[in-house]
Amino acid sequence: QVKRKTYKAYQDLYHQEIIFIPNWTRMEVIETFSEDLTNAAGAVFVKNGIIVIWIKEFTYENLDYLCHESVHAANMIFALRGQAIDVKNDEAQAYLVQWIFEVCKKVLKKR
């Protein structure tokens, strides 16, 4: 069985490693990370302190999934760092979501 590609990034400000695993099957994610994904088309979870972002079918046509999962990933980073989210002062959250989205979106340009 061919192992799917992983893409790694490091968020300097929050000292957080991120792994993006696009186009893996649900079974590949379950077998590799022991995560229960039910019937999701994407997910974000923490494995050994690393944020893992999975999108089942990653294409330009469904970037909305990446947008959705980027918010989960940013919120997970804040939770891990003990940083509260403030809906009246959400620039930190917006910039982090944007950074995660851009890092993962670049994968489409590489393929």
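The values are calculated or read from the model by the stated rules, or taken from the named source; none is laboratory data. The model shown is predicted, which means the values in this text are computed figures rather than measured ones. Quick reminder, even Gly has a Cβ in these numbers, built from the backbone with ideal geometry, and neighbours come from all protein chains shown. Just the protein is used for accessible areas: all its heavy atoms, side chains included, with ligands, DNA and RNA removed. Shrake-Rupley method; radii C 1.70, N 1.55, O 1.52, S 1.80 Å.
Taking every pair of distinct Cα atoms and averaging 1/r, then inverting, what Kirkwood hydrodynamic radius in Å comes out for the chain?
Value: 14.4 Å, from the Cα pair sum.
Packing, taken as the mean count of other beta carbons within 10 Å per residue, orders the peptides 34-41, 11-18 from highest to lowest as 11-18, 34-41. Roughly speaking, to the nearest percent, how much of the chain's 1.4 Å accessible area is carbon and sulfur? Within the chain, the accessible surface is 52 percent carbon and sulfur. Multiplying the residue separation of R81 and Y60 by 0.36 nm and subtracting their alpha-carbon distance yields 4.4 nm.
Counting only alpha carbon atoms, the long axis of helix 63-81 and the longest principal axis of the chain meet at about 60°.
Peptide packing for 68-79, 89-100 was compared via the average number of neighbouring C-beta atoms within 10 Å per residue; ordered from the highest value, the list is 68-79, 89-100.
Applying 0.36 nm per residue to the separation of I30 and A92 and subtracting their alpha-carbon distance, the gain on full extension is 19.1 nm.
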